[in-house]
Amino acid sequence: MAPLPEAELVRSSVQLYRYLLRCCRRLPAGPVRQHYRHAIRQSFKVHADEDDPERIQQIIKRAIEDADWVMNK
């Protein structure tokens, strides 16, 4: 599966969160989808206190790459 076309528009953590949840909708229903939704929520909570803009951009870039990998798996 190709990544969603909105990937290049993700600039903030909230946009990333919404993008990743939209990616989850494309996964098969059931435990797989639930697992990734839970993982997204947990990661968002873990990084919620991050305030370094450079680090936030690194996290966003890596999350999009990981989402692409999962969608192509």
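So which residues in segment 4-20 are closer than 23 Å to LYS73 by Cβ, within 13 Å of the chain's Cα centre (by Cα) and loosely packed, with under 14 Cβ neighbours inside 10 Å, if there are any at all? Show your work before the answer.
The first filter runs over segment 4-20 and keeps only residues closer than 23 Å to LYS73 by Cβ, leaving 4-8, 10, 16-20.
If we keep only those that are within 13 Å of the chain's Cα centre (by Cα) too, we end up with 4, 6-8, 10, 16-20.
Result: GLU6, GLU8, ARG18.
Taking segment 24-45 only, how many residues are exposed (fewer than 10 other Cβ atoms within 10 Å of the Cβ) and more than 17 Å from ASN72 (Cα to Cα)? Talk me through it step by step, then tell me what you get.
Taking segment 24-45 first, the residues exposed (fewer than 10 other Cβ atoms within 10 Å of the Cβ) are 28-31, 45.
When the remaining residues are screened for being more than 17 Å from ASN72 (Cα to Cα), the result is 30-31, 45.
Here the count works out to 3.
Where a number appears in this text, it was derived from the coordinates with a stated rule and is not lab data. Here the structure is a predicted model, which is why all the values come from computation and not from measurement. Every residue, glycine among them, receives a Cβ derived from its backbone with ideal geometry; neighbour counts consider all protein chains shown.
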